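Enquirer: What follows is a single structure, and I will ask about it in a moment.
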Amino acid sequence: MNKMNEAAANAQMVTKLLFRLLPIQIVLAAVNAVSSIVSSVFASNYVGNTAMTAIGLFGPINMFINAISTMLVGGAGILCGKYMGRNQQDKMQNVFSLDILLATLVGIVITLVLAVLGGFDWSGFLTRDPEVRPVFDQYLIGQALGILPLMIGNQLASFLSLENKAGRTTIASIAYLIVNVAFNFLFVVQMKMEALGLALANSIGLWVFLLIQAQFFISKKSHLRFTVRKLDWKESTQIVRIGVPGAASFGYQTVRGLILNYLIMAYVGSIGISAFAASDSLLKIFWTVPTGMLAVSRMMISVSVGEEDRQTLTDVMRVMFRKFLPLMGLISLCIILCSIPMTRLFYRDPSDPVYMMTVWGLRILPLCMPLSIICMHFSCYGQASDKTLLVHILSIVDGVAGCVLFALATMPFMGMNSAYWASVFNGVCTTAIIFAYAWIKNRHFPKNMEELMVVPENFGVAENERMDLSIRNVEEVVFISQKVQRFCRSLGVDERRSYLAGLFLEEMAGNVVEHGFTKDKKNHSVDVRAAYKDGEVILRIKDDCVPFDPAERRQIIDPDDIAKNVGVRLIYRMATGVDYQNILGMNVLTIRI
């Protein structure tokens, strides 16, 4: 098998894994988006434009809360992914406990701030409209009660994905949505609680979301356990340091939202805020697709960085360009074509100015979605690989600079459409920055994915010291085993270790093909990497079959057949180290000789 076929096989496995994880991540993100639409529909149909304006005014605050949550989720998730790639279990446990503790403390502080702003009518710096302000105060009080479960629940969702238990988060999300709809009907329609009812329904749903997820960790079925004993608080700075660049985008978007709201109120009026809130609520359901894409890519990127797996790292980005981008482009086109029927969910009178403002929002804003996928992925990669300068530049431009400058220059004569086109302008700018950054670093225009990503030369094992192979049937096992043996000898590895490398690979890959491939009717493959680093032969065997830890089999000794599992026992006795993990639903076995 030549190198081109080997790379194609690895890319195929990465594509398969990403698309297997993608639906769950989209569902998780979609539930929050649907909940936002539910609140907006109840607000527009049962309360009025003042409630829609309150929702719009809360947008920047919600963005700020998401910035804090994203900082913790991103920092802890990437750090855990790295430790998972290195099989450092104790460090993973420490990061998990610190993250939950930090999320709890931050959630309590934000809850108190929102309760004070709404309870004491200190929200005047956000709106001075005498009709909107009391409604907004009620909305703040109701939302305050859901901050704590939101913060902790978002962290647990990330860790459940790493535990390969994202299905539980899906159940929790659906339950959250059902509870939200039910209590909206009770509080808003039946009890006439208006804006307070809208926010309370959401908060109660978030508590349900948290409790369903937390049950898995409380039951002690998880590998990750919360503990306050022997915490290494130095890791908290790592969580923040890694998470801040990605979360900075949300922080900047908070500032952007406040400035845009001010400009819209000055040049368009409160109906502009209502139109923006309506179009934004509808588009949140579609933003779940790029959000889900980023979630699965983040997991793969962080683990690949931890493993120093150059091939998989670049394959994730190739999938983003070749698969994710065209898919998002098609979705954006569908939104544009359906802009009028979607607008009628909120406003049904075409003569009302807010009607056409919302229609144009649904026609223009979707254009930025495909471009945002590029920015999001490179920001995530920058976080994981410590390219903080690139991440901060992207965050500043995408978060506030590009959008605000465009709106300031064009809103006086473009009106409401200026706010919409500003997001598209952002996408063009951030994409140009990514290519310019690579051009400057490489001193020429990037010719391939590694150059576009500016992957360091010393990252991972040099190409001539590693070999990537794929096994798809039992006939290939012996052939690949012999090929690994010859590869080791070509690098100067002694005959004994070269022989053991081929033998160990034949035993473990043969077990996967014989037992794992036959457990279901799906097509499977074994991804094999042989590498020589620091005088050590490293074999990594990765497959997408049912979870199987060889350490469990080596303990089984059949008195009637003493030869049973002898191959596995031999490997554990003769290898320098044998580590097994199930990462994102994939078995990963690393053998060192």
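No lab work stands behind these numbers, since they all come straight from the coordinates. Please read all numbers here as calculations on a predicted model, not as lab measurements. With ideal geometry, Cβ positions are generated from the backbone for all residues, glycine too; neighbour counts draw on all protein chains shown.
Enquirer: In what sequence, highest mean first, do 338-344, 96-102 appear when ranked by Cβ atoms within 10 angstrom?
Expert: Details: 338-344: 15.9, 96-102: 22.1.
Ranking the peptides 338-344, 96-102 by packing returns 96-102, 338-344.
Enquirer: Can you give me the Rg/Rh ratio for the stretch 308-429, using Cα atoms for both radii and the Kirkwood formula for Rh?
Expert: Numbers: Rg = 17.4 Å, Rh = 16.2 Å.
So for the stretch 308-429, dividing Rg by the Kirkwood Rh gives 1.07.
Enquirer: Ok, one more. Please compute the modelled spin-label separation between Glu536 and Phe125, points set 7 Å along Cα→Cβ, answer in nm with one decimal.
Expert: Simple spin-label model gives 5.3 nm for this pair.
Enquirer: Taking a temperature of 25 °C and a viscosity of 0.890 mPa s, what whole-number D in µm²/s does Stokes-Einstein yield for the stretch 122-257 with Rh from Kirkwood over alpha carbon pairs?
Expert: Working: Rh = 17.4 Å.
The diffusion coefficient I find is 141 µm²/s.
Enquirer: How far is helix 325-337 tilted, in degrees, relative to the longest principal axis of the Cα atoms in the chain, given as a value from 0 to 90 rounded to the nearest 10?
Expert: Helix 325-337 sits at roughly 20 degrees to that axis.
Enquirer: Return the sequence-ordered ³J(HN,Hα) values of the stretch 169-185 in whole Hz as given by the Karplus equation 6.51 cos²θ - 1.76 cosθ + 1.60 applied to θ = phi - 60°, using x for Gly and Pro.
Expert: 5, 4, 4, 4, 5, 5, 4, 4, 5, 4, 5, 4, 4, 4, 6, 4, 5
Enquirer: Mind computing the radius of gyration and Dmax over the alpha-carbon atoms of the stretch 267-322? Å is fine for both.
Expert: Every Cα atom of the stretch 267-322 included, Rg and Dmax give 18.0, 53 Å.
Enquirer: Now for a different question. Which pairs break 22 Å Cα to Cα here: Lys192/Lys284; Lys387/Lys441; Lys165/Lys284? Display every interim value, and only then the final one.
Expert: On the way: Lys192/Lys284 27 Å; Lys387/Lys441 12 Å; Lys165/Lys284 25 Å.
The pairs that break the limit, which is 22 Å between Cα atoms, are Lys192/Lys284; Lys165/Lys284.
Enquirer: Going by average Cβ density within 10 Å per residue, which order do the peptides 286-296, 217-227, 261-271 take, highest to lowest?
Expert: Numbers: 286-296: 22.5, 217-227: 12.8, 261-271: 17.8.
Highest to lowest by the protection proxy: 286-296, 261-271, 217-227.
Enquirer: I'd like the orientation of helix 132-144 relative to the chain: the angle between its Cα long axis and the longest Cα principal axis, in ° from 0 to 90, rounded to 10.
Expert: Tilt relative to the chain: about 30 degrees.
Enquirer: Which stretch or stretches of the stretch 468-501 have amide N atoms under 17 Å from the point lying 7 Å from Met449's Cα along the Cα→Cβ direction?
Expert: Correct set: 468-470.
Enquirer: Report the full-extension gain for the segment Lys234 to His515: residue separation times 0.36 nm, less the Cα-Cα distance, to one decimal in nm.
Expert: On the way: separation 281, 0.36 × 281 = 101.16 nm, distance 4.37 nm.
Taking Lys234 through His515 to full extension adds about 96.8 nm, to one decimal.
Enquirer: Summing -39500 (n - 2.57) over the DSSP H runs of n ≥ 4 in the chain and dividing by its residue number, what mean residue ellipticity at 222 nm do you reach, to the nearest 500 deg cm²/dmol?
Expert: Values: 22 runs with 411 residues, N = 593.
Helices in the chain give a 222 nm mean residue ellipticity of -23500 deg cm²/dmol.
Enquirer: Please compute the alpha carbon radius of gyration of the stretch 245-362, then divide it by the globular-protein estimate 2.2 N^0.38 Å. Two decimals is fine.
Expert: Numbers: Rg = 18.6 Å, N = 118, 2.2 N^0.38 = 13.5 Å.
My calculation over the Cα atoms of the stretch 245-362 gives 1.38.
Enquirer: Now a separate question. Pop out the ³J(HN,Hα) list for the stretch 480-489 in order, Karplus 6.51 cos²θ - 1.76 cosθ + 1.60 with θ = phi - 60°, rounded to Hz; leave Gly and Pro as x.
Expert: These are the phi-based 3J(HN,Hα) values: 5, 4, 5, 5, 5, 4, 5, 4, 4, 5 Hz.
Enquirer: Right, next: Using each residue's phi in the stretch 471-479, evaluate 6.51 cos²θ - 1.76 cosθ + 1.60 at θ = phi - 60° and report the 3J(HN,Hα) Karplus result to the nearest Hz, with x for Gly and Pro.
Expert: 10, 10, 7, 5, 5, 7, 4, 5, 4
Enquirer: Separate question: To the nearest 20 debye, what is the magnitude of the charge dipole of the stretch 252-392 about its Cα centre, counting +1 on the Cβ of each Lys and Arg and -1 on the Cβ of each Asp and Glu? Display every interim value, and only then the final one.
Expert: Values: 11 positive and 8 negative charges, 50 e Å.
I would put it at about 240 debye.
Enquirer: Return the subset of Lys91/Lys522; Lys483/Lys519; Lys82/Lys221; Lys82/Lys230; Lys91/Lys542 for which the Cα-Cα distance in this structure is over 30 Å, preserving the input order. Let's see the in-between values first.
Expert: Values: Lys91/Lys522 35 Å; Lys483/Lys519 28 Å; Lys82/Lys221 22 Å; Lys82/Lys230 21 Å; Lys91/Lys542 23 Å.
Beyond 30 Å: Lys91/Lys522.
Enquirer: Now for a separate question. Nearest 0.05, what FRET efficiency do Phe413 and Arg592 give at R0 = 45 Å with Cβ-Cβ as r? Don't skip to the answer; put the middle values down first.
Expert: Working: r = 67 Å, r/R0 = 1.48.
That gives a FRET efficiency of 0.10.
Enquirer: How far, in nm, would the chain grow between Ile340 and Val478 when pulled straight, counting 0.36 nm per residue and subtracting the alpha carbon separation? Don't skip to the answer; put the middle values down first.
Expert: Details: separation 138, 0.36 × 138 = 49.68 nm, distance 6.14 nm.
43.5 nm is the gain from fully extending Ile340 to Val478.
Enquirer: Also, quick follow-up: So for the stretch 304-359, what percent of the C-alpha to C-alpha distances run longer than 14 Å? Before the final figure, lay out each step's value.
Expert: Numbers: 1036 of 1540 pairs.
Everything past 14 Å amounts to 67 percent.
Enquirer: Can I ask one more? Could you quote the convex hull projected area for the stretch 50-103, Cα atoms only and averaged over all directions, in nm²? Please list the in-between numbers first.
Expert: Working: hull surface 16.8 nm².
Average projection, Cα convex hull of the stretch 50-103: 4.2 nm².
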